[in-house]
Every structure is written in structure tokens, then in C-alpha cells.
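Peer 1: Please find one structure pasted underneath; my questions will follow.
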Amino acid sequence: MNLARAELRRLVKRRVTRWLLLLVVAVLGLLVVSEWSSSEKLDEAALRSAQVQAQRDYEQARRDYDLFLPEQIAECERAQRAGGPGAEGWPADCQEVAAWGPRPEDFRAEFYLPRTFEFRWRFEEMATPFAWLLAMFAFFVAASYVGAEWRSGGMANLLLWRPRRAGVLGTKLAALMVGLTAAVVGLSALWTAALWWVAVNRGITSTMTPDAWRSFGLTGLRVLALVLVAGVVGFAVASLGRHTAAALGTAIAAFVVGVGGVSALVYSVGVRFPDRWLWPMYMQAWLERSVELFDFRAGCPASGPCEPETYVITWQMAGLGMAGLVVLLVGAAMWHMRSRDVT
Amino acid sequence: MDAVVEIRGLRKAYRTWRGGRRQALDGFDMEVAPGQVHGFLGPNGSGKTTTLRALLGLVAANAGRMRLFGREVPAALPEVAGQVGAIVESPQFFGNFSARETLTLLATAGGVARTRVDEVLELVGLRERARERVKSYSLGMKQRLAVASALLKRPRLLILDEPANGLDPAGIREMRDLMRGLAAQGTTVLLSSHILSEVQQICDTVTIISLGRRVVTGPVAEVLAAHATGDVLVRLESPADHDTAARVLREAGATVTVRDDHLLVHRPERAAWVTRTLARRDLYVAELSPVGVDLESVFLELTGTTPVAGRPRQVDESVAVDTTAGTEVAR
């Protein structure tokens, strides 16, 4: 317990932790400001203005169409008289061409409303960038937390006090998880409050239902899980390499090789659903519950609708992959910690 | 009384990048009795730090037995670690934390009262600089901090690897007094150092290691006595008489070496015999003194690391001890 308390203190006192946390808050703040400045509250005046604008545009479009209507009708009649393939596509009664013009329902007032922040949909959409940002924060904080300890010799120092190596690494990991959970919970609360405030002042909150809140809660849990997994991966890789740079190098390799390289390979080989081999798709599936991939190469049938084949990546598949990765990396880090000399 | 530190037949080999093995410890033995300040000496690469790291559970030995306070380590390390304060090799700390933060975190992790942090900061002379970042510290200050961290848990055994490294002369003296004071209070100190004059002053006993094997061990006085030459340095009133004096002494049966400004008489029966023999031939002695032996000369002799002018010595060039025959073999 003493060690856990000391480790938690050390994590919080580290400058990297504080600066990165500040950076995350700043980026989230920018996103909130951007949403605020690009949204407007829908009041009666805005609605009336939209209705007026819609009506005005409809009338203008109608006038424009009516100018060309006699010409259209004449062309239709010429085609009917000539018969043959040229008549196809024209109505039997050429006066019906008048009905082809703009209709009032094509100029609905809602199309003219200013952008507003509808909390229910926008919050869900913004969960993905929020989760990625926090996952990156967790990865770097975790990697630096244990990597700097190895590099500075602090780990060897600590082992002179606490010789049970697996216990030391496990406690460090546990302290990190507690710290990250606290950060995610705190930042999520701030994020939700900030977006709710934007919605109240510059948008709509009335579409929220208990089911929507439940769904947000589940999304929040998935974000937390993703952030913790990112933290575990950063921690375990830096532990294995005994240096922060090991984790940073692995992260770069994951993007360059794991996304760029694999993508080039699977697309050049021509496998079906090539995106299923890219790990970010699984992260997306985890956050959005599922991702549907399409295969258009099969071609469309001669008749009937063109329906491409699909492949669905579910959050369960992604969860299984993440759990496997965590078990593998933590197991390797523990084994490495116990068996390798501290020189 | 049981030894505080007991090492028997310790072996450790490191794998090299090319798949080979480098034998760092080759059946090393050491024993440190309670309440003693024990010097642990050896040339660079002789296995001192590996021994200390193995004792503290940082590296795994390939064979051999180690005991701390009578308990087998590394198995019993979790039980005895609270009684052992150690610094191994150069002091390493997280640069962005202050000395106080560093020690407070260690104290928290080890369940030591925070008041002890101030005590050890005072003890090592860092009280006034305790709030500064460690990265702004000089090597000597970091060394003091390392000693403070080792003292934090009021250890019964203090293991110090090069504690005087980077310290100024006053710091070295303070460190010496500190170790003496701790030993007087019953703390056993195992001190690895290359400052042999310090070791000679501070230590009660000493172990010298070379190429992973023990060369010699015992009380410092006994080790020095065993290697005392008994030679006598002689100076005459006129250096021009040195050659004549050497001839006279040789005729009387002595072994003599003529140096630039003095004679070296090898193990005369008595010093007075030299004076008397020379006086009979009207050669008068201006200075006659026994050639002293110090730990440095014993160390250089035993480890075979005496510098030879114009021939740089390589790191692993030292004496390998043939433990089966009990003799030393020059390498």
C-alpha cells in the first residue's frame, strides 16, 4: 500500500504527466470553443428567417424554371412527333413537364437553419476524437512513467527497497491504472459538462432521453477501457525495452508498418475487405460498436439493386483483440522484469 | 558471532553480443563480520559491482551461496532488505525531482517516517539545497543524496560502492567520519572504493578481488604486515659515497639496490647492523628508515596492476588466482 501511494504521488508529480494533461485539456478546450463558435441557438427569429429564405429560394427557382418551361414543352412535343428512342423519357402529355420543376418540399426551412449543436448526436460523434486523444495521452504518460524510471536508475534504487520485482512492476501498473482512470473520469466529466453547456447555449438538449444517457455511459466505459489498454501497452513496451524510446518507437512502427505497410500490402495483394487487417478499424469498432466494410469488387448483378458484400467488425472482436494484447504484453513485461538482470 | 555478509563460491557470467560469455565472478568468497568497516577492493572489471548487485538481488548469480544476516539471499531479500542500505555504482536519481521529493517518495515506498528525511538530509549536508532539482546537483551532491537514501531506513548493513566519487576533500573527510560514526553505533559497512588511502584509514578488514576471484582477505593491519618488505632506505651524507657503501654492504652479505639518491637494503637483520657496518669504513649515515608498505602498493602487487611506463594496461589485465593450488598466477 505504501508503494502504491508513493507511485501514485510520483506519477502525479511528474512534469510529463502534468504537461501532457495540460495539453489534452487545451486541445479539448479548443474543440469546445470551435463547436461553440460554429453553432447557434435556434430561436423563433432564426426559424422565421429560415422559412423566409426557403420560400424566397423556392420562388426564385420556380421563376427560373418557368422561364425555360415553354422551351421544354416544345422539345417534348417535337420528340413525341418524331417518335422512336428520342421520345423515351418524356411524358405522354407534354404539359406534365411543368410538374417536374422545383417543389416547395425541396426548400424546407430546416435546410436554412444555422448550424446548431444537437447534444445527442454531436456528443456521440465527438467521442472518437476524445478517446483517441486520451489514448495517446495514456500511452505517452505510461511509457515515460516507467521508461524514465529505468533510464534514471530509479528502478534499481527502488528494488533495493522492494526486492520483489513482479510486485514492484505490478504496483506501478496498478498505480498507473488508478491515475489514468481518475484522469479519464475527470476529463470525461469536464468534457460532458462543456459540451452540455455548448448545447444549452448554442444548441439543443431536448432530444436527450434516458436511453441516450445510458448509451453515453456505455460509450464512456468503452473510452475508459481503450485509454487503459493504451496505457498498459505503453507501460509494458517501455518496461520490455527499459526505455521510453522503446514505446515511442513501437508506436511509430505501429502506424508506419502496422497501418501504412500493411495497407500497401493488403491492397496490392488484393485481399477481400483489406481494411479488416488494419488495427485502427478495430479501435473504431470498439468505440462505435461496429464497423461495416464493403466489397464492391464482386460487381453488380445484371438486374436488381447493386448490393456489395459486407464484413462487420464488432466491438466484441475488437475487445478480444485488446484483451489478448494486454495479456501478452503484461505477461512478457512481468517475465522480463523477473528474469533479466538490472545492470 | 555470525557474519553479516557471507559469500561462498559465487559465479556469474554475462552473455556478450556475439553469443560468448564473460566470466565476471569465478567462485568468489567474502565474509564481513558485524560492526566492521570492510573494504572491498579490486581493479576495474574485477567483479566488485557484480558482487554487490548479486548480493542485493539486482543480478542473478549462476552459482554460489550468499547470506545476509544469516539468511539466504536472494530468497530472503524481502525480509532483510529493510536492514540494508545501499548505493551501487554511480548515484542515479530522477533529475526533475528535488532531493526532498526523491527521499520522501522512497520513505513512503519503504514505510519510513517522513521525519527521517530531514534527519538524513542534515546528516549528509544537503539540508539547504533539499528543494532544488537533482539535475542541478554536482556529482558530489548526488553522491551525498545517494548516501542519504541509503541511510534513510537506518540500516544495520550499509553497502557503499564508491561513495567518495565526486566528493571534495572536505566531503571525503565527512564521509569517512560518517562511516566511522555509523560503525561505532554498530552498523556494518561494506565499502567498495578506489581511494586506497581512505580505505586504509577507515577499514578494519579488507577483501581484494581480481578477475572474479578473491586475492586476499583479512584485517587491514595483517594484510599490510604480510606484505611488508622489511627493506631499509639508506642515505649517506655525501651521495658520491653511495657506490662505495653499496659495495661494503654487499661484501658484508647484504642485498643492495642503488637508486638515484639513496640505497635500498633488502631485509637486513637489524637496521643498526647497516649503520655499524658502514661506520666501520668511515661511511656515515644521514638517513635510515624502513620502507613503508601501504594498501596501494599491496593492492598493486596482489592484483598485478602496477603501472609500467610506456605500456598501457588493459582493463582485464590483472592477476588471476588459482584457487585450487592456492597460488597466484600472473596473467
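The values are calculated or read from the model by the stated rules, or taken from the named source; none is laboratory data. Bear in mind the structure is a predicted one, so any value in this text is a computation, not a measurement. Don't worry about glycine lacking a Cβ; one is built from the backbone with ideal geometry, like all the others, and counts go over all protein chains shown.
Peer 1: Identify, from the list A:GLY154, A:GLY179, A:GLY101, the residue that is in contact with a helix residue (DSSP H, G or I) (Cβ under 8 Å, 6 or more places away or on another chain) and either modelled with pLDDT of 90 or more or of a type in the set (Asp, Glu) (or both).
Peer 2: Being in contact with a helix residue (DSSP H, G or I) (Cβ under 8 Å, 6 or more places away or on another chain) and either modelled with pLDDT of 90 or more or of a type in the set (Asp, Glu) (or both) holds for just one of A:GLY154, A:GLY179, A:GLY101, which is A:GLY179.
Peer 1: Continuing with this model, one more query. Only one residue in B:LEU103, B:LEU56, B:LEU121, B:LEU68 is more than 22 Å from B:ALA13 (Cβ to Cβ) and touching a residue at least 60 places away in the same chain (Cβ under 8 Å), so which one is that?
Peer 2: Unique residue meeting the criteria: B:LEU68.
Peer 1: Which residue is farthest from A:ASN201 (Cα to Cα), if the candidates are limited to segment A:24-71 and must be more than 24 Å from the chain's Cα centre (by Cα) and of a type in the set (Phe, Trp, Tyr)?
Peer 2: Among residues in segment A:24-71 that are more than 24 Å from the chain's Cα centre (by Cα) and of a type in the set (Phe, Trp, Tyr), the one farthest from A:ASN201 (Cα to Cα) is A:PHE68.
Peer 1: Quick one: is A:ALA238 assigned to a helix (DSSP H, G or I) and either in contact with a Lys or Arg (Cβ under 8 Å, 6 or more places away or on another chain) or surrounded by fewer than 16 Cβ atoms within 10 Å (Cβ to Cβ) (or both)?
Peer 2: no
Peer 1: Here is a follow-up. What about B:ALA81, is it out of contact with any Cys (no Cβ under 9 Å at 6 or more places or on another chain) and more than 7 Å from chain A (Cβ to nearest Cβ)?
Peer 2: no
Peer 1: Right, next: Looking only at segment A:134-158, filter to residues that are buried (at least 22 other Cβ atoms within 10 Å of the Cβ) and within 10 Å of another protein chain (Cβ to nearest Cβ); which one of those is farthest from A:LEU187 (Cα to Cα)?
Peer 2: Ranking the candidates gives A:ASN157 first.
Peer 1: Right, next: Looking at segment A:16-35, can you tell me whether even one residue there is of a type in the set (S, T, N, Q), closer than 19 Å to A:LEU113 by Cα and at pLDDT 90 or above?
Peer 2: For segment A:16-35, residues of a type in the set (S, T, N, Q), closer than 19 Å to A:LEU113 by Cα and at pLDDT 90 or above: present.
Peer 1: Here is a further query. Please state which of the following conditions A:ALA166 fails to meet, knowing it meets all the rest: (1) within 14 Å of chain B (Cβ to nearest Cβ); (2) surrounded by 15 or more Cβ atoms within 10 Å (Cβ to Cβ); (3) touching a residue at least 60 places away in the same chain (Cβ under 8 Å).
Peer 2: (2)
Peer 1: A:ALA79 - would you say it is surrounded by 15 or more Cβ atoms within 10 Å (Cβ to Cβ), free of Cβ contacts under 8 Å to residues at least 40 places away in the same chain, hydrophobic (A, V, I, L, M, F, W, C) and part of a helix (DSSP H, G or I)?
Peer 2: Yes; evaluated as a whole, the condition is true for this residue.
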